[in-house]
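A quick write-up on the structure given underneath.
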Amino acid sequence: MSSSLAKDNNVNTDIVTLTRFILQQQAATAKQATGELTLLLNSLQFAFKFIAHTIRRAELVNLIGLAGASNSTGDDQKKLDVIGDEIFINAMKASGNVKVLVSEEQEDLIIFDGPGNYAVCCDPIDGSSNIDAGVSVGTIFGVYKLLPGSKGSIKDVLRPGTEMVAAGYTMYGASAHLMLTTGNGVNGFTLDTQLGEFILTHANLKIPSSRTIYSINEGNAAYWPPIIKKFIDSLKQTQKETGKPYSARYIGSMVADVHRTLLYGGLFAYPVKGKSGKLRVLYECFPMALLLEQAGGKAVNDEGKRILDLSPKEIHERSGIWLGSKDEVDKFLTFTGKV
Ligand code: AHM
Ligand code: MG
């Protein structure tokens, strides 16, 4: 309900918060739902708010810089990587609904004592090498329901991405933006720091089907096979459809590059360099691939295989990835003969 006073003054008195949205969506689409996933998503949003708040204060409270250790995949850990990881683990443990947790910052998976029917895979602060320069970073997450009868094991997470029940990211930029899918499209929320609530701002988001933007670290070109070099070179030529070459945009923070791709369209890629890709399957490639597909886009690996169909063999497995607008990913597949 909205009075004429509210309307005249352009005041929205009926905003949709994340909690309200999730409750309404569960009631409409999952009548048998137990409410556990709702509670879990609530714990996730607390972790995002806490991390957003910590990042904003980082420079003022000496949280910038290296922690002096390296993580499971050999990257130098920033202080904020360590703090973000702790915030995330504590929030998931306290939720009572998470049994298994995989974090980029932890070598082994964590199995919590107590109840819980879900497994969460996360990169608590992705893009952290950018953080000292004030560039947007984010938390990426994917959620699985435990396998039937499981008491929590590695098998609950070494599954294709198609089996995730929820996924998304929160980008900590000028505002904190949460992009979420529970398998019924993508919805975007913006954190109102005064209210302390994520507010629905991008309902049923769809990615444009094409856009002449490519996003890739071209400094790695020497590691790419000739066909990938040729494809990227082809984007720099005048295009028949637009009369212009593609524009290059690369932030170097996956969440920020994918966020722009989701909103504007285009192509984001991190192909295999040398022996393996850089981006991790469980908590970088899968959640982004599910979001992109749910928004009408596509995500494939260097061989043209659908990312969500990969079956990871280890929790920190990496993959090459090409994701974005449907037509742009199809262009890559056609050019490289992967269709
Ligand atoms: P991180 O998880 O250690 O932060 O690394 C992942 C990040 C992504 O956010 C980004 O897409 C990529 O690494 C950038 O890598 P590069 O600096 O090699 O271009
Ligand atoms: Mg990462």
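Sorting 241-248, 202-209, 186-193, 165-172 by average packing, meaning the other beta carbons within 10 Å per residue, from highest down gives 165-172, 186-193, 202-209, 241-248.
Only DSSP H runs of four or more residues enter the estimate; each adds -39500 (n - 2.57), and after division by the residues of the chain the mean residue ellipticity at 222 nm equals -9000 deg cm²/dmol.
Among DSSP beta bridges whose residues both lie in the chain, state the antiparallel percentage, nearest 5. Don't jump to the answer; show the numbers that get you there.
Values: 45 of 54 bridges.
Counting only bridges with both partners in the chain, antiparallel ones make up about 85 percent.
Note on the range 213-335: antiparallel DSSP beta bridges, both residues inside, total approximately 75 percent of the bridges counted. Counting only lysines at least 8 places from Lys31 when in the same chain, those with an alpha carbon closer than 22 Å to its own are Lys145. For Glu218 and Glu59, the FRET efficiency from 1/(1 + (r/R0)^6), where r spans their Cβ atoms and R0 equals 22 Å, is about 0.15. Subtracting the Cα-Cα distance of Tyr264 and Ser234 from their residue separation scaled by 0.36 nm leaves 8.7 nm.
What are the membrane-span-like helices in the chain by this rule: whole DSSP H runs, Cα extent along the axis at least 20 Å, mean Kyte-Doolittle hydropathy at least 0.0? Qualifying helices: 36-57, 79-95. Spin-label pair Lys206-Lys151: with each label point 7 Å from Cα along the Cα-Cβ axis, the two points sit 4.9 nm from one another.
Can you classify the range 18-204 as rounded, prolate or oblate using the Cα gyration tensor, where a ≥ b ≥ c are the square roots of its eigenvalues, rounded means a/c under 1.5, and otherwise it's prolate if a/b beats b/c and oblate if not? Oblate is the answer for the range 18-204, as a/c is 1.5 or above yet b/c matches or exceeds a/b. Would you please classify the overall shape of the chain from the alpha carbon gyration tensor, given that a ≥ b ≥ c denote the square roots of the eigenvalues, rounded means a/c under 1.5, and beyond that prolate means a/b larger than b/c while oblate covers the rest? Cα axes put the chain in the rounded bin.
Here the range 302-339 and the range 36-53 have alpha carbon centers that stand 30 Å from each other.
Could you list Leu200, Leu41 so that the one with the fewest beta carbons within 10 Å of its beta carbon is first and the one with the most is last?
Values: Leu200 18, Leu41 26.
Taking fewest neighbouring Cβ atoms as first place, the list is Leu200, Leu41.
Full extension of the chain between Lys305 and Ala174 gives 43.7 nm of extra length, using 0.36 nm per residue less the Cα-Cα distance.
Report the residue, chosen from Pro225, Pro148, Pro160, that carries the largest GNM mean-square fluctuation when the chain is represented by alpha-carbon nodes joined by springs under 10 Å. Taking springs between Cα atoms under 10 Å, the residue moving most is Pro148.
In a reduced charge model with +1 at each Lys and Arg Cβ and -1 at each Asp and Glu Cβ, the chain shows a dipole moment near 860 debye about its Cα centre. Estimate the FRET efficiency between Ala30 and Glu163 by the formula 1/(1 + (r/R0)^6), using the beta-carbon distance for r and 25 Å for R0, to the nearest 0.05. Rounded to the nearest 0.05, the efficiency is 0.95.
Specify the residue with the greatest mean-square fluctuation among Ser129, Ser215, Ser234, computed from a Gaussian network of the chain linking alpha-carbon atoms under 10 Å apart. Per the Cα network of the chain with a 10 Å cutoff, Ser234 tops the list.
Highest GNM mean-square fluctuation among Leu180, Leu147, Leu40, for the chain modelled with Cα contacts below 10 Å: Leu147.
The label-point distance for Asp113 and Glu86, in a model that sets each label 7 Å from Cα toward Cβ, rounds to 2.1 nm.
The numbers here are math on the coordinates, done by the rules we state, and not lab data. Since the model is a prediction, treat every value here as computed from it, not as a measurement. Cβ sites come from the backbone with ideal geometry, for glycine too, and all protein chains shown count toward neighbours.
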